[in-house]
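Heads up, the thing below is written out as structure tokens.
The values are calculated or read from the model by the stated rules, or taken from the named source; none is laboratory data. Source: prediction; values computed, not measured. Note: ideal-geometry Cβ built from the backbone for every residue, glycine included; neighbour counts use all protein chains shown.
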Amino acid sequence: MDSSMALEMMKAIFVENEPGKAKQLVASFMNALMKVEREQHIGAKEYERTEGRNGYRSGYKPRQMRGRLGSLELLVPQVRGSSVPFRTEMFERYQRSEKALLLAVAQMYFKGVSTRGICDLYRDVFEAEMSPQFVSNAAKELDEQIAAWRAEELSEAMPYLIVDALYKKVRKDNRIVSEAVLIVLGITAAGKRRVLDFAIADSENEETYRDLFQRLKDRGLHGVRFIISDAHKGLMAAIGREFQGATWQRCKVHFIRDYATHLSVKKTKTRFYELMKALYAVKSKEEARPIAEGIATFLKESGHPKLAARLLDEYEETFQYLNEPEHARRRLSSSNLLERQNSELKRRLHAIRIFPNDESLARLVGMLLMEIDEEWRFGRTYLSMDGNEDAE
């Protein structure tokens, strides 16, 4: 399905609010992705003649799959003459995320709605039957999958780590509290991205980060020499204890945001952004010093002497990436890789404004992060380690 067709269908969904078209869109995308899977399995595009191909296209087999949108009518690609049977991964991935979301929503209602009410709700909204036993079995299955993923041995060296957190509301002891979701990404020695682990905690303190890092080290995390994060005191203390000798790179984006929040005058803030852009255009620390001094003078003259003094003390923490190979610097100067994933997580978690407990939050976050990790580890190279053009 081409992008113009997808755009027209999405317009129809949002403007006309027709559930049938939503199902059609999802089914079309899944069918298209299964075709790509078959193409990759065979090793040849449609009508392409290659000597090293692994089998031939053999039509499609209809299949129905039930989910939140009801029954999806799918066409599963078939392959003949292949040395290894073709098996799509689309069903397993779709059903995993379906179960995680269904379970999180079910738990929201579980305390205040009767068992019969929950079953009626799912039948009306999702066009599917559900029983209390389903909740129990789904929770057990999902928890086992997440636990297995989080226990996998980390055999590859992981020279780069990126650490950050996002926050979600959770109900605890009749109160609504903000819980931190701590996330650690890694980049392997081969330049592949990985989601390494996460933790749910009531705060970003040194102890919670140390526990997270120690679990990773127990799984075999090694070769860490460069860590990117913001300047949270608890996180910095944990990094200093658990990764002695590794270089800490303060995320330049977090750094700029932190200073900009203290500037209330729009004109001052605009000029500050312009000066910071010039600062990060330099290619050496020596070039950066006079520009940083100029920014400090500007802040002092704008009525922010303490901020000016802080900047001169702290700006060098954001320039550690200049010690890395030039072709890798852009991607190592900030935690934007994790920021983008956090934005996607927030979008997908938005439907559940308040989680009933930490377990529900961990279950849904765990499934989403596990899916991202699967895509990354078998996807394209993110960071070229030999100086050639990045593959992605």
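Examine the stretch 142-165 for a residue that is modelled with pLDDT under 90 and of a type in the set (Val, Ile, Thr), and state whether such a residue exists.
For the stretch 142-165, residues modelled with pLDDT under 90 and of a type in the set (Val, Ile, Thr): absent.
State all residues of the stretch 263-281 that are part of a helix (DSSP H, G or I) and touching a residue at least 12 places away in the same chain (Cβ under 8 Å); if no residue qualifies, say none.
The answer is THR268, ARG271, PHE272, TYR273, LEU275, MET276, ALA278, LEU279.
Does LYS252 meet the test of being more than 27 Å from the chain's Cα centre (by Cα) and of a type in the set (D, E, K, R)?
For LYS252, the condition - more than 27 Å from the chain's Cα centre (by Cα) and of a type in the set (D, E, K, R) - is not met.
Each row is one residue, and each column tells you yes or no for (1) surrounded by fewer than 18 Cβ atoms within 10 Å (Cβ to Cβ); (2) closer than 29 Å to HIS327 by Cβ; (3) touching a Ser or Thr at 6+ places or on another chain (Cβ under 9 Å); (4) outside the structural domain of LYS217 (by TED's automatic domain parsing).
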site	(1), (2), (3), (4)
LEU235	no, yes, yes, no
GLN249	no, yes, yes, no
HIS262	yes, no, no, no
VAL282	yes, yes, no, no
LEU299	no, no, yes, no
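Looking at LYS192, LYS169, which is the one that is surrounded by fewer than 17 Cβ atoms within 10 Å (Cβ to Cβ) and touching a Ser or Thr at 6+ places or on another chain (Cβ under 7 Å)?
LYS169
Among the residues of the stretch 353-361, are any assigned by TED's automatic domain parsing to the domain that holds GLY191, in a helix (DSSP H, G or I) and either of a type in the set (Lys, Arg) or surrounded by fewer than 19 Cβ atoms within 10 Å (Cβ to Cβ) (or both)?
yes
Would you please list the contacts, defined by Cβ atoms under 7 Å and residues six or more apart or on different chains, that run from a residue in the stretch 246-262 that is farther than 12 Å from MET276 by Cα and part of a strand (DSSP E or B) to a residue that is basic (Lys, Arg) and modelled with pLDDT of 95 or more?
Cβ pairs passing all conditions: THR247/ARG225.
So is GLY303 under 18 Å from GLY186 (Cβ atoms) and either surrounded by fewer than 17 Cβ atoms within 10 Å (Cβ to Cβ) or among the basic types (Lys, Arg) (or both) or not?
When the stated conditions are applied, GLY303 does not pass them.
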